[in-house]
Amino acid sequence: MRGPILIIGGGIGGLTAAIALRAEGHEVAVYERAPELREVGAAISVMANATRVLKHYGLLPLLLEHGEPIAAGIIQPNDGKPLKPPIEIDTGVPGVLIHRADLHDTLLSAVPRERIHLDKELKWVTQDEDSVTAIFADGTEARGSLLIAADGLNSAARRMLINDGPPIYRGYQCWRGVNPDAKLDIVAEVLGHGVRMGLIPMGRRGAAWWFCANEAEHQSDEPEGSKTKILRLLEGWHSSARDLVAGTPEPAISKNAIYDRPAKRGWSKGRAILIGDAAHPTTPNLGQGGGMAIEDAAMLARCLKHFPDHGTAFRRFEELRFPRVKKIVDRSRVWGAMGQWSNPVACGFRNLLLAKMPSKGLAKDLIEMMNYDPFAVKLDS
Ligand SMILES: Cc1cc2nc3c(=O)[nH]c(=O)nc-3n(C[C@H](O)[C@H](O)[C@H](O)COP(=O)(O)OP(=O)(O)OC[C@H]3O[C@@H](n4cnc5c(N)ncnc54)[C@H](O)[C@@H]3O)c2cc1C
């Protein structure tokens, strides 16, 4: 095999892959489409399954310095009354609520700057017996031993490897923002009718929020603007939710249509493989999309170390990862669909179900998901 391992995408999965592969002694080169390294102004939950991986690479202290450990959370309807006491989350290693820019900077701190090439949009991939070549939009090329595509939801590499059409819109949009002056004690998800909101403490960065509403895929917020629209949809909600949005500067509000794909195998071809959202995009309802990209990176580095032949390593990686990611993608889709129910009878039923479900039962499922440890998975079949 010749040349470095080429990593396409300098997001969560790509940067973690660079860290994990370098830790195993590989030479890497990251190619990122954007002309500068920047993240949206929003929070991200890095659940314990992901912080466990980042701890392995020595990054937990930095994460904790910038973020807020997740100790407990509540899910409640928008009547302001808690359904039940907060769900205690004890996972050994803490999950962290953190500004995306701080997570990105934490990952970047562990990748030498000269290993990252900006303004490199992957357009095509060619392969021969012992190398793979990435061809970029600016006409340049890079040759390496393997190619790991972490180029996200609308992956160009996926189009070349699987070509299964665009991701599937799930019927709702998600707005996110950060209110630098707000303070929150506890992470909460508040359910309404066809809308729901997340409230996220973020330490020195203030507090963050997300808000989901049923809408057409390309629905614009103009002319009223995002903030006015969200506040209109939050009419009658508790003031803590409304104040959080009201205190967020309009330009700091971002909006994403929510997509996923049914989990599908076939992530590699020859010397190229997909990881993260490129392989298994998920809706954000369990806060696990980034976490799965981080797990992928660690597991792929382990497989490439354990199996000298890259074909065997790629095959085993997919065998080990597919059941895990399928479960999360499926559950997240169901949770999102229920969260977006708009029929008052259905919402009443959902809220009753949540109220009746013992906190421990709900927490058990989430904690099981967070207790996954890619370093403890046996690699040989
Ligand atoms: C509203 C919302 C909330 C979310 N909340 C959470 C959460 O709380 N916790 C969590 O774990 N996950 C969350 N996620 C999911 C998470 O953001 C993604 O799963 C995660 O970013 C996937 O990482 P990735 O590296 O695979 O892709 P990305 O982070 O999308 O990175 C892809 C990178 O590739 C680059 N790129 C794209 N195309 C090309 C190309 N052709 N050539 C070169 N570079 C390219 C992009 O510019 C980008 O930098 C959320 C997602 C959304 C939409």
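Bear in mind that the values in this text are calculations on the coordinates, not laboratory data. Please read all numbers here as calculations on a predicted model, not as lab measurements. Note that we place each Cβ from the backbone using ideal geometry, even for glycine, and neighbour counts take in every protein chain shown.
Brief remarks on what is shown
- Based on the Stokes-Einstein relation at 20 °C and a viscosity of 1.002 mPa s, and on the Kirkwood radius from alpha carbon pairs, segment 292-332 is assigned a translational diffusion coefficient of 204 µm²/s.
- Considering only beta bridges that DSSP places wholly inside the chain, some 70 percent are antiparallel.
- Coupling constants for segment 243-260 follow from the phi torsions by the Karplus curve (6.51 cos²θ - 1.76 cosθ + 1.60, θ = phi - 60°), and in residue order they are 5, 4, 6, 4, x, 9, x, 3, x, 8, 9, 10, 9, 10, 6, 9, 10, 7 Hz; glycine and proline get x.
- The lysines within cross-link reach of LYS356, meaning a Cα-to-Cα straight distance under 19 Å and a gap of 8 or more places when in the same chain, are LYS81, LYS84, LYS364.
- Rounded D (µm²/s) - the chain, Kirkwood Rh over Cα pairs, Stokes-Einstein at 10 °C, 1.306 mPa s: 74
- Within straight-line cross-link reach of LYS120, lysines at Cα separation under 29 Å, skipping those fewer than 8 residues along the same chain: LYS255, LYS264, LYS269, LYS305
- Residue (of MET292, SER145, VAL132) at the positive-pole extreme of the chain, dipole from beta-carbon charges: MET292
- Top of ASN49, ASN343, ASN371 by mean-square fluctuation, Gaussian network on the chain, Cα under 10 Å: ASN343
- Among ALA278, ALA182, ALA252, residue whose mean-square fluctuation peaks in a GNM of the chain (springs only between Cα atoms under 10 Å): ALA252
- Selection of trypsin sites (Lys or Arg not before Pro), segment 155-247, meeting DSSP coil and at most 12 other Cβ within 10 Å: LYS183
- Our note on the geometry: Cα centres of segment 346-374 and segment 205-254, 27 Å apart.
- Most fluctuating residue given options GLU68, GLU318, GLU217, as computed from a GNM of the chain linking Cα atoms under 10 Å: GLU217
- Shape box of segment 169-259 [Cα atoms, principal axes, largest first, Å]: 35, 26, 25
- Segment 228-314 shape via C-alpha gyration tensor axes, a/c threshold 1.5: prolate
- FRET efficiency, 1/(1 + (r/R0)^6) with R0 35 Å, evaluated for VAL377 and ASP130 via beta carbons: 0.75
- Normalised contact order of the chain, rounded percent, pairs of Cα under 8 Å and 6 or more residues apart: 22
- Helical contribution to [θ] at 222 nm, DSSP H n ≥ 4, -39,500 (n - 2.57), averaged over the chain, rounded to 500: -11000 deg cm²/dmol
- Charged side chains reduced to their Cβ positions (Lys and Arg at +1, Asp and Glu at -1) give segment 169-259 a dipole of some 260 debye around its Cα centre.
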